[in-house]
Amino acid sequence: MSDESKPSDPRREERIKEEASEWIAKHDRGITAQEQDAFFDWLAEDPDHAAVYREREAVWRSMDLLAQWRPEHSLEPNPDLLAVPEKRASVVWYRFVSGLAAVLAMTLLVWNFVSDGDDGAVTLLASGESARFYEHHVLEDGSIVELNRGAQVSVRFLDDKRLIDLLSGEAHFTVAKDVNRPFVVRARGAVVQAVGTAFNVSLNPDQVEVIVTEGRVLMNPSIATTNESIVEEKEPLVRKLHAGQFSVVALNKEPVAPVVQDVEEEEISQRLAWKNEMLDFTDTPLSEVILEFNRRNHTQIVIADVALNAIPVTAAFRPNRLDEFVELLVLTDHVRAERVGLSKIILHSGE
């Protein structure tokens, strides 16, 4: 049955909205392994569950974005943010569980800001206000964003560009090549642009630091001289950075052309040591190990058989090596792994 011919059931729709809101609230305060299993089961029960959850999550995340946005983040805010709504304002309600119910309202102004497919939805990557741990995210175009502790990044994909705003902290970007859509990272007034490369951006109170680890980028210290955030190499303040080069943009000062410096590989390794965080376990139950991986990765691991929870794990892993960790389990602990889509791996007891 097509969506158009599916009969409408207001009570069912309201129930799904309430359940989606409850799951968002649980994720926000921190979800347990058991709740995570239940969440995926809930998603699998009905295709509408995932659709409604995504809609509600987008509005939820947008509220943090609006709370944090300041003019210095960008001279080009989403036009929908300031647009006068053509329709009567509507209210989106969220029910919170944990013994109490709280009600939260959002107007159509904000709803348009995040849900307009033509303008690109805004997504905040870090769980919570900022990353509490190293986090590894794969974007819809295949680009990888790694967040250091304290980082927050917003992502907005448009037809002509991929807009990334580093709102706080430090992030490393490995960019999937797309010559028709440059990958633009904005950090306060500074703009870094790439097509297919890898680089690190650190936003500090008084400066923005950029290190290129692969390929090359264009760097503009002043967003005011860009055309809708697109960096043109001919602009007088723009500089090109190649792999192994470093530059700094001073904030709260008159923009000047960045000074580009060569950096030794050893210094780059030291500056990016946070990317090589190790998770070290000694006789740690598998359930706890998986919880640590899930906190740091977009792809989530779910234990289907309770008997696997207590398997002791003694090893050290990098959190972004999720597939290697799963392969090791399959080889050594009689575990069978089932991959569901791009964001879920289910572990079963082996035959």
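The values are calculated or read from the model by the stated rules, or taken from the named source; none is laboratory data. Predicted model, so just to flag it, every value in this text is computed and none were measured. Don't worry about glycine lacking a Cβ; one is built from the backbone with ideal geometry, like all the others, and counts go over all protein chains shown.
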**Item:** Scope segment 301-324; condition at pLDDT below 90, surrounded by 13 or more Cβ atoms within 10 Å (Cβ to Cβ) and within 22 Å of R132 (Cα to Cα); matching residues
**Value:** F317, R318, P319, N320, R321, L322
**Item:** Pick from segment 213-250, criterion of a type in the set (G, A, S) and surrounded by 20 or more Cβ atoms within 10 Å (Cβ to Cβ), ranking: nearest to A171 (Cα to Cα)
**Value:** S247
**Message:** Quick check on my filter: what residues within segment 320-336 are touching a strand residue (DSSP E or B) at 6+ places or on another chain (Cβ under 6 Å), outside any helix (DSSP H, G or I) and free of Cβ contacts under 8 Å to residues at least 24 places away in the same chain?
**Reply:** R336
**Asked** Looking at segment 124-142, is at least one residue at pLDDT below 80, in a loop (DSSP other than H, G, I, E, B) and out of contact with any strand residue (DSSP E or B) (no Cβ under 7 Å at 6 or more places or on another chain)?
**Response** yes
**Asked** Would you pick out the residues in segment 171-183 that are outside any loop (DSSP other than H, G, I, E, B) and crowded, with 23+ Cβ neighbours inside 10 Å?
**Response** A171, F173, F183
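Results for (1) under 24 Å from F157 (Cβ atoms); (2) touching a residue at least 12 places away in the same chain (Cβ under 8 Å); (3) among the acidic types (D, E), shown as yes or no for each residue.
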| site | (1), (2), (3) |
| --- | --- |
| V208 | yes, yes, no |
| V212 | yes, yes, no |
| P221 | no, yes, no |
| T226 | yes, yes, no |
| K253 | no, no, no |
| V263 | no, yes, no |
| S269 | no, no, no |
| M278 | no, yes, no |
**Request:** Could you list all residues from segment 127-160 that are without any contact (Cβ under 8 Å) to a residue 60 or more places away in the chain, within 17 Å of L203 (Cβ to Cβ) and small (G, A, S)?
**Result:** S130, A131, G150, A151
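If you take the residues of segment 233-248 that are in contact with a strand residue (DSSP E or B) (Cβ under 8 Å, 6 or more places away or on another chain) and more than 13 Å from I211 (Cβ to Cβ), which of them is modelled with the lowest pLDDT?
E233
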